[in-house]
Protein chains: 2
Amino acid sequence: MNFNHLDGIVPFDLVTKIFELMEQRNFPKNQLLHEQGAVCKEIFLIQEGLARTFFYKDGKDITVHLASEGEVITAVDSIISLKKSRYHVELLEDSTVFSISYKTLQELLSQHPEYEKYVRLVLERMYTEGADRIEEFLFFSAKERYENLVRTRPQIIQRVNLGHIASYLGMTQETLSRIRKSI
Amino acid sequence: MNFNHLDGIVPFDLVTKIFELMEQRNFPKNQLLHEQGAVCKEIFLIQEGLARTFFYKDGKDITVHLASEGEVITAVDSIISLKKSRYHVELLEDSTVFSISYKTLQELLSQHPEYEKYVRLVLERMYTEGADRIEEFLFFSAKERYENLVRTRPQIIQRVNLGHIASYLGMTQETLSRIRKSI
DNA sequence: GTTGGCTTTTGACAATTGTCAAAAAATCAA
DNA sequence: TTGATTTTTTGACAATTGTCAAAAGCCAAC
């Protein structure tokens with residue numbers, strides 16, 4: 001298994017320790033891993049399958065984040081702040097996920113502060129990825145954003161329905177359908 | 001002085017230690033703190049003044065980030081990865097900034113790993129802020145993005161020229177001028 | 001195979017935002 | 001104060017993207 005967010009950063013013994021603390025579970029497609037309005041306590045690592053965070057804005061369903069094998073997903077607006085989350089976290093396929101509570105992770109770090117460094121490095125990487133996504137919106141048209149996604153995450157295109165991809169890219173489904181036809 | 005990115009998170013002794021390692025310098029308006037194409041080695045903390053990161057896309061000058069008193073600014077696409085940066089970092093006013101090299105900061109953390117936790121907390125906050133900015137683009141129109149900025153960072157509106165604010169919000173200067181008139 | 005539900009495409013039209021050029025306003029330095 | 005420079009506004013028009021409604025396509029369950 002390849003955990004994009006950890007690979008090349010986190011030493012094997014920490015990966016092992018974290019995995020010992022994680023629970024492996026199977027869920028069917030459409031299962032909610034977390035619901036809007038609740039405080040999110042868990043971080044999910046996708047072993048097999050696909051998940052998204054989304055919420056409703058003016059009745060429209062908007063996908064905020066997509067995670068596939070080896071990627072991490074949680075309600076970022078809640079897990080750290082402990083505020084009620086605006087997001088749902090939903091599986092888009094039958095999936096196998098590992099989960100760990102943020103509290104457990106923090107306890108691990110208290111007991112083994114030598115691991116803090118690696119969490120920092122993972123966060124640095126996540127922050128950089130977020131900065132890149134902001135740039136997408138600053139510099140690229142709807143069509144360019146789609147082309148960039150096709151290039152960087154082709155597996156997403158195959159497996160996620162058009163409506164979710166469109167809202168993830170900040171456009172309507174109709175626009176994405178037309179963009180796709182025009183290429 | 002109020003350092004938004006640190007306040008309420010970082011204990012006083014660490015703030016003190018970091019400040020001991022930082023160099024305080026004054027620069028005039030328009031000074032570049034970092035140039036595109038170079039690897040960025042330093043992180044800047046604005047004590048007094050205003051800075052932005054920006055770059056050229058198809059000849060147009062696009063502002064990626066804005067930082068005022070108490071905020072941190074650097075070339076995020078380079079400082080961690082050590083890749084050549086796409087960004088310039090520029091002062092928009094005569095400013096007093098503290099600077100510390102990323103290397104020095106890492107050395108401090110090696111010697112005092114008990115501080116790693118606080119850097120992690122700062123990064124978590126920065127990551128969350130980034131996630132909020134992505135949401136801005138997913139959920140809000142040009143007009144709403146401007147109104148949100150007026151609400152959350154009114155001092156920016158007063159001090160930064162329209163063109164920079166417009167590109168920071170992902171729109172043209174003409175559009176922002178018209179939005180402003182319509183409110 | 002047929003049915004029913006979900007997803008994607010299409011059409012007609014509207015709203016938003018961008019482009020280019022020029023005028024007006026504000027700022028700054030001599 | 002004045003002239004030069006920069007910033008902001010305006011106008012006319014074009015391109016992009018959104019909205020709403022309906023049709024077409026797809027797929028799984030019966």
Would segment A:67-90 turn up any residue that is at pLDDT below 95, surrounded by fewer than 20 Cβ atoms within 10 Å (Cβ to Cβ), within 16 Å of DNA strand D (Cβ to nearest atom) and in a loop (DSSP other than H, G, I, E, B)?
no
Can you name the residue in segment A:141-156 that is within 12 Å of DNA strand C (Cβ to nearest atom) and of a type in the set (Ser, Thr, Tyr) and is also most open to solvent (accessible area, probe 1.4 Å) among such residues?
A:141
From (1) within 16 Å of DNA strand D (Cβ to nearest atom); (2) assigned to a strand (DSSP E or B); (3) surrounded by fewer than 20 Cβ atoms within 10 Å (Cβ to Cβ); (4) not charged (D, E, K, R), pick out the condition that doesn't hold for residue B:63.
(3)
Mind checking whether some residue in segment B:157-173 is away from DNA strand C (no atom under 16 Å from the Cβ) and more than 18 Å from the chain's Cα centre (by Cα)?
no
Among (1) open to solvent by 30 Å² or more (accessible area, probe 1.4 Å); (2) free of Cβ contacts under 8 Å to residues at least 24 places away in the same chain - the single one residue A:124 does not satisfy
(1)
If we keep just the residues of segment B:121-145 that are over 18 Å from the mean Cα position of the chain (by Cα), in a helix (DSSP H, G or I) and more than 15 Å from residue A:138 (Cβ to Cβ), which is nearest to the other protein chains (Cβ to nearest Cβ)?
B:139
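Looking at A:14, A:45, A:21 in this structure, which one is of a type in the set (A, V, I, L, M), within 27 Å of residue B:118 (Cβ to Cβ) and modelled with pLDDT under 90?
Values: A:45 fails: modelled with pLDDT under 90; A:21 fails: modelled with pLDDT under 90.
The match here is A:14.
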Looking at residue A:52 and the list (1) crowded, with 18+ Cβ neighbours inside 10 Å; (2) within 11 Å of chain B (Cβ to nearest Cβ), which single condition is not satisfied?
(2)
Considering segment B:146-159 alone, what residues qualify as being in a helix (DSSP H, G or I) and of a type outside the set (Val, Ile, Thr)?
B:146, B:147, B:148, B:149, B:151, B:154, B:155, B:158, B:159
Please state which of the following conditions residue A:102 fails to meet, knowing it meets all the rest: (1) within 16 Å of DNA strand C (Cβ to nearest atom); (2) within 11 Å of chain B (Cβ to nearest Cβ).
(1)
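Before we move on, is residue A:30 part of a loop (DSSP other than H, G, I, E, B), at pLDDT 90 or above and surrounded by fewer than 20 Cβ atoms within 10 Å (Cβ to Cβ)?
On the way: part of a loop (DSSP other than H, G, I, E, B): yes; at pLDDT 90 or above: yes; surrounded by fewer than 20 Cβ atoms within 10 Å (Cβ to Cβ): yes.
Criteria met by residue A:30.
For segment B:146-176, how many residues meet the condition of being in contact with a strand residue (DSSP E or B) (Cβ under 7 Å, 6 or more places away or on another chain) and within 14 Å of chain A (Cβ to nearest Cβ)? Before the answer, list the steps.
Kept after step one, since they are in contact with a strand residue (DSSP E or B) (Cβ under 7 Å, 6 or more places away or on another chain), are these residues of segment B:146-176: B:155-156, B:159-160, B:164, B:167-168.
Of the ones still in play, those that are also within 14 Å of chain A (Cβ to nearest Cβ) are B:164, B:167-168.
Residues flagged as in contact with a strand residue (DSSP E or B) (Cβ under 7 Å, 6 or more places away or on another chain) and within 14 Å of chain A (Cβ to nearest Cβ) within segment B:146-176 amount to 3.
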Is there a residue being in contact (Cβ under 8 Å) with a residue 60 or more places away in the chain and among the β-branched types (Val, Ile, Thr) anywhere in segment B:22-41?
no
Check on residue A:99, crowded, with 20+ Cβ neighbours inside 10 Å and in contact (Cβ under 8 Å) with a residue 40 or more places away in the chain
no
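The values are calculated or read from the model by the stated rules, or taken from the named source; none is laboratory data. Since we're looking at a predicted model, the values are computed, not measured. When we count neighbours, we look across all protein chains shown, and the Cβ atoms used for this are built from the backbone with ideal geometry, even at glycine. SASA here: full protein model, heavy atoms, side chains in, ligands and nucleic acids out. Shrake-Rupley method; radii C 1.70, N 1.55, O 1.52, S 1.80 Å.
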